[in-house]
Amino acid sequence: MRVLYFHQHFSTRAGAGGIRSYEFSQRLLDRGHEVTMVCGTNMRAKPKSNQVKSGEVLDYCVDGISVVEKVLPYSNHDGLFRRAVTFIRYAYFGVKLALTRDYDLLLATSTPLTAGIPGIFASIFRRKPFVFEVRDLWPELPREMGVIRNPILLFMLDALESISYRTSTACIALSPGIAEGIRKKSPAKHSIAVIPNASDLGLFNKSGDRSQIFPQLPRESLICVFTGAHGLANGLDAAIDAANVLKNRHEANIYLVFVGDGREKPRLEQRAKDLNLKNCLFMDLMPKERLAELLAVSDVGMQLLANIPAFYYGTSPNKFFDYLASGLPIVNNYPGWLANLIEEHGCGHAIPPEDPEAFADSLVAMRDDPAGREVMGRNARRLAEESFSRDELGIKFCEFLEQHAGDRRPVQT
């Protein structure tokens with residue numbers, strides 16, 4: 001099976017982005033399939049591409065994956081308009097490939113939603129099997145966040161979402177809520193598989209030297225880590241608020257570490273500085289292998305999002321599964337399916353949203369109960385091994401694509 005795989009923000013373990021597409025491509029290769037990855041320029045994952053003129057096309061191979069990269073520099077510091085232009089340029093480039101390349105199945109993964117446009121063209125004009133993987137429900141999430149308010153734009157995005165589902169042979173959802181959202185806008189009995197993000201059990205099973213990674217922190221500190229984007233959706237002010245509560249209570253030896261980048265990071269750093277929060281530390285993006293070492297010497301993983309109901313069941317954050325694989329207790333600050341998992345399996349604390357006192361209480365309890373932390377950490381690792389192993393989910397992913405590679409059902413529009 002020859003898979004034409006569209007992921008605009010593709011990254012490998014050497015990059016600082018999510019590696020789902022890379023890891024699942026490796027599983028496809030292991031089963032004898034061919035993978036051609038069509039991507040844009042993810043500055044977190046391929047910084048060398050910044051040295052090439054915008055608009056050029058790079059063809060290369062990464063660990064057996066054939067990569068076609070349209071040099072379209074993208075950063076989450078970009079404004080909405082600039083990002084939209086980049087998305088559209090990538091989609092246009094993708095359509096040309098979808099209509100001319102030889103392949104057996106087209107797989108497109110969001111976000112952005114426009115990543116599905118090549119699949120729509122492949123399905124309608126070439127009758128190719130098209131599997132659409134949905135990582136976030138668009139435009140539901142930006143609508144609820146108030147990021148997009150223009151009714152015409154929202155109507156167009158709603159239409160694109162519906163057409164993407166209806167022209168697809170099948171869909172992959174990364175969470176139960178995403179599957180439900182797809183089902184509401186899809187034909188009856190549309191094939192939908194829930195395959196969440198996964199835990200890389202081998203990668204996040206490392207040891208490290210705390211004194212080298214956190215030389216500025218006291219050795220006996222409780223180190224609570226957030227890894228990932230620093231954007232509006234992540235709601236990191238909740239952690240800053242909790243840090244301020246800890247400072248005002250004079251609670252010692254609890255440090256909140258923020259690893260990543262995003263439009264909100266400069267403001268968050270300035271806010272922590274203005275509040276004189278010595279218990280907050282901001283670190284740059286780092287490759288996954290380096291991140292694994294950092295998590296190995298940390299004590300708590302912070303799973304944070306803005307208090308938006310669409311997030312409760314409609315997201316599948318990479319960091320959560322990295323924390324599980326690392327055997328870290330997790331503090332989660334919003335309800336939903338991840339909070340339910342944490343409570344059911346005893347691998348952390350699920351606290352109410354927008355409650356800095358409860359957040360601070362949770363961190364103090366973690367600091368004061370090292371034996372309890374150890375139990376929660378073991379439970380986290382066990383949950384990763386039993387339910388979210390990359391190898392096990394990779395088998396499900398590959399089998400789902402194989403099942404639909406020969407599907408030639410009539411296109412529904």
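Quick one: which residue in TYR255, TYR312 is assigned to a strand (DSSP E or B) and either assigned by TED's automatic domain parsing to the domain that holds ASP237 or at negative phi (or both)?
TYR255
For segment 47-61, check the following and say yes or no: at least one residue is buried (at least 17 other Cβ atoms within 10 Å of the Cβ) and modelled with pLDDT under 95.
So the first thing to find is which residues in segment 47-61 are buried (at least 17 other Cβ atoms within 10 Å of the Cβ), and the list is 49.
Of the ones still in play, those that are also modelled with pLDDT under 95 are 49.
The answer is yes; a qualifying residue exists.
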Which residue, of GLU293, GLU343, is assigned to a helix (DSSP H, G or I), over 19 Å from the mean Cα position of the chain (by Cα) and without any contact (Cβ under 8 Å) to a residue 60 or more places away in the chain?
GLU343
Which condition breaks for ILE223 when tested against (1) under 20 Å from the mean Cα position of the chain (by Cα); (2) under 23 Å from ASP284 (Cα atoms); (3) of a type in the set (Val, Ile, Thr)?
(1)
Filtering segment 290-346 for residues that are farther than 27 Å from ARG183 by Cα and among the β-branched types (Val, Ile, Thr) leaves a count of 4
May I ask you to list the residues in segment 10-37 that are of a type in the set (Asp, Glu) and not in a helix (DSSP H, G or I)?
GLU34
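The values are calculated or read from the model by the stated rules, or taken from the named source; none is laboratory data. It should be emphasised that the depicted structure is a prediction, and the values quoted were computed from it without experimental measurement. Neighbour counts are summed over all protein chains in view; Cβ atoms, including those assigned to glycine, are modelled from backbone coordinates with ideal geometry.
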